[in-house]
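The values are calculated or read from the model by the stated rules, or taken from the named source; none is laboratory data. Keep in mind that what you see is a predicted model, and the values were worked out from it rather than measured. Counting neighbours? That spans all protein chains shown, and the Cβs are built from the backbone with ideal geometry, glycine included.
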Amino acid sequence: MRLPAGPRVRTGMRRLIALGLLAPALARADPPRLEGAAGARFGSMMVDGKQVGTVVPGHLDLGMRWQRWLGYAEYDLNALTYPLAQAPQGTAAALAATGDGKGLMHRLGANARYAFGRVGDYDRADPGGAELWAELGAGVEYYVWDAGGTWTRPDLALGLGLTSYGSDDGLHGGLTLGLRVQLARRNDVAHAPAACGGPCDGPTQPTGWDRSFLFDLTVLFGR
């Protein structure tokens, strides 16, 4: 006498069948690959609504690459000079604004990158190739001013770029050119009066976002 299969048995059989169908594809898939990188960025940066001039931050990256995806963490170091407002000598504001505005910005971030265009196969032993990618990330900026004081704020990073690469004996390396836009909230607009920064129909509060535009050159390597 044959007994009907229970719900758990039927579910287990479906999973076994699905696994059997997926097994060939999983066997062909390349495993994630470790990747490191070192690079420098060049561009303009705003801090609390003020331009700090041209900046050249360096960065170190470490992550994992799998097929068209790259997930990585980064550390940036950037020297900058914040333009301090000139207050009349002898006033409380002049006494509070010590130093010359010079300092360092440390940044830690995490990013996800996807290659939407590709020539060659990055994860196999091809002689070389290239890919176009877009990325999204988030980070924390930590400012340390030479004359004293610190400031911490989060930011959002958006990027587009091109990576050329080659691989041999399980190792890969390449060069990346990209453009990054970083957005971070300002700290000085909560109680700012409405104003017109140019021709306008009516005054509004200043924009609450700092925008930084940075060109990126990075050398990558991994296995």
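Take the residues in segment 80-135 that are in contact with a Lys or Arg (Cβ under 8 Å, 6 or more places away or on another chain) and at pLDDT below 70; name whichever of them is surrounded by the most Cβ atoms within 10 Å (Cβ to Cβ). Only one residue fits best here, namely Tyr122. Can you find even one residue in segment 198-213 that is modelled with pLDDT of 80 or more, hydrophobic (A, V, I, L, M, F, W, C) and crowded, with 16+ Cβ neighbours inside 10 Å? The answer is no; no qualifying residue exists.
Of the strands (runs of 3 or more DSSP E) lying entirely inside segment 1-72, those carrying at least 2 residues that are modelled with pLDDT of 95 or more, within 30 Å of Val119 (Cα to Cα) and not aliphatic (A, V, I, L, M) are 33-47, 58-66. Could you please let me know if Gly166 is touching a strand residue (DSSP E or B) at 6+ places or on another chain (Cβ under 6 Å), assigned to a strand (DSSP E or B) and surrounded by 13 or more Cβ atoms within 10 Å (Cβ to Cβ)? Considered against the rule, which asks whether it is touching a strand residue (DSSP E or B) at 6+ places or on another chain (Cβ under 6 Å), assigned to a strand (DSSP E or B) and surrounded by 13 or more Cβ atoms within 10 Å (Cβ to Cβ), Gly166 comes out as no. Hey, can you tell me all the residues within segment 192-223 that are among the polar types (S, T, N, Q) and either in contact with a Leu (Cβ under 6 Å, 6 or more places away or on another chain) or farther than 30 Å from Glu35 by Cβ (or both)? Across segment 192-223, the qualifying residues are Thr204, Gln205, Thr207.
Per the conditions (1) closer than 30 Å to Leu34 by Cβ; (2) surrounded by 16 or more Cβ atoms within 10 Å (Cβ to Cβ); (3) touching a Lys or Arg at 6+ places or on another chain (Cβ under 9 Å), the sole criterion not satisfied by Trp145 is (1). Take segment 148-163 and flag every residue that is closer than 14 Å to Arg107 by Cα and buried (at least 18 other Cβ atoms within 10 Å of the Cβ). Residues satisfying the conditions are Asp155, Ala157. Considering only segment 214-223, state which residues are in a loop (DSSP other than H, G, I, E, B) and surrounded by 14 or more Cβ atoms within 10 Å (Cβ to Cβ). Result: no residue meets the conditions. Determine, yes or no, whether Asn111 is assigned to a loop (DSSP other than H, G, I, E, B) and in contact with a strand residue (DSSP E or B) (Cβ under 9 Å, 6 or more places away or on another chain). Answer is no for this residue. For segment 174-194, the candidate set comprises residues that are small (Gly, Ala, Ser) and surrounded by fewer than 16 Cβ atoms within 10 Å (Cβ to Cβ); within that set, the residue that is nearest to Thr218 (Cα to Cα) is Ala190. Which of the residues that make up segment 169-197 are closer than 20 Å to Val47 by Cα, modelled with pLDDT of 80 or more and in a strand (DSSP E or B)? Listed by number, the residues that qualify are Leu179, Arg180, Val181, Gln182, Leu183, Ala184, Arg185.
Residues checked against (1) touching a Pro at 6+ places or on another chain (Cβ under 7 Å); (2) without any contact (Cβ under 8 Å) to a residue 24 or more places away in the chain; (3) within 15 Å of Trp69 (Cα to Cα); (4) aromatic (Phe, Trp, Tyr):
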{"residue": "Gly117", "(1), (2), (3), (4)": "no, yes, yes, no"}
{"residue": "Asp146", "(1), (2), (3), (4)": "no, no, no, no"}
{"residue": "Ala157", "(1), (2), (3), (4)": "no, no, no, no"}
{"residue": "Leu160", "(1), (2), (3), (4)": "no, no, yes, no"}
{"residue": "Gly174", "(1), (2), (3), (4)": "no, no, no, no"}
